[in-house]
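Engineer: Mind having a look at this structure? Questions to follow.
The values are calculated or read from the model by the stated rules, or taken from the named source; none is laboratory data. Quantities reported herein were computed from a predicted structural model and do not represent experimental measurements. Here Cβ is always computed from backbone atoms with ideal geometry, including for glycine, and neighbour counts include all displayed protein chains.
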Amino acid sequence: MTTLATENKGYTRLIIVLSVAIPLAVAVLLFAPQKFLEFGSWVKNLPALNAILNSLTTVLLIAAVVAVKKGNIMVHKSLMTTAFILGSLFLVSYVLYHSSVPSVKFGDIDGNGILSDQELAEVGGTRMFYLGVLLSHIGLSIVVVPFVLFAFYYSLTEKIEKHRKIVKFTFPIWLYVSVTGVLTYLLISPYYQ
């Protein structure tokens with residue numbers, strides 16, 4: 001019994017550490033004045049890949065809910081495991097991109113990294129819409145990390161009641177983050193150089 005309790009505390013600590021470390025690492029990558037690595041021009045294709053990963057995750061999340069509501073637990077587990085793997089691949093891809101490519105600014109038509117008054121006038125209110133979606137996406141992507149990790153952990157350890165309780169919050173947040181990830185890509189993609 002003590003070993004199991006110790007093991008549970010160890011996993012809980014790991015989830016907490018990851019829940020703090022992941023957003024901190026991403027923040028450092030986004031706001032660092034210089035990029036850390038150089039992978040070549042292929043890295044510029046990663047935002048499109050990330051949108052595909054988010055789209056697939058959205059489909060898997062919805063399909064997993066349908067499967068569990070129909071009582072097909074094995075299909076649900078497979079779909080959620082695949083969604084978790086895609087989320088992990090997304091994170092790796094996102095880190096690779098932001099560790100080597102400067103962030104793109106919405107409305108930067110000439111791609112010089114500076115938003116002129118003329119560029120701001122051309123994009124108008126669309127920029128505010130984009131920033132609202134982006135900020136909600138980023139904020140909830142930080143919030144969802146521990147929820148997803150705990151939901152996955154409870155599932156793996158067959159703590160089904162805890163799993164059910166946490167996924168009531170996890171599912172809508174994760175779905176929103178996946179959908180808005182695609183939306184933010186579609187909105188900013190014209191400004192990628």
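Engineer: Of these, V144, V101, V95, which one is in contact (Cβ under 8 Å) with a residue 12 or more places away in the chain, surrounded by fewer than 18 Cβ atoms within 10 Å (Cβ to Cβ) and of a type in the set (A, V, I, L, M)?
Structural biologist: After ruling out the rest, the residue left standing is V95.
Engineer: Check L61, L89 and return the single one that is at pLDDT 90 or above, surrounded by fewer than 17 Cβ atoms within 10 Å (Cβ to Cβ) and closer than 27 Å to K168 by Cβ.
Structural biologist: Answer to the check: L89.
Engineer: Every residue in the stretch 85-108 that is part of a helix (DSSP H, G or I), more than 13 Å from the chain's Cα centre (by Cα) and among the hydroxyl-bearing types (S, T, Y), please.
Structural biologist: Y97, S99, S100
Engineer: Any residue in the stretch 39-56 that is crowded, with 20+ Cβ neighbours inside 10 Å, more than 12 Å from the chain's Cα centre (by Cα) and within 27 Å of L156 (Cα to Cα)?
Structural biologist: Scanning the stretch 39-56, I find no residue that is crowded, with 20+ Cβ neighbours inside 10 Å, more than 12 Å from the chain's Cα centre (by Cα) and within 27 Å of L156 (Cα to Cα), so the answer is no.
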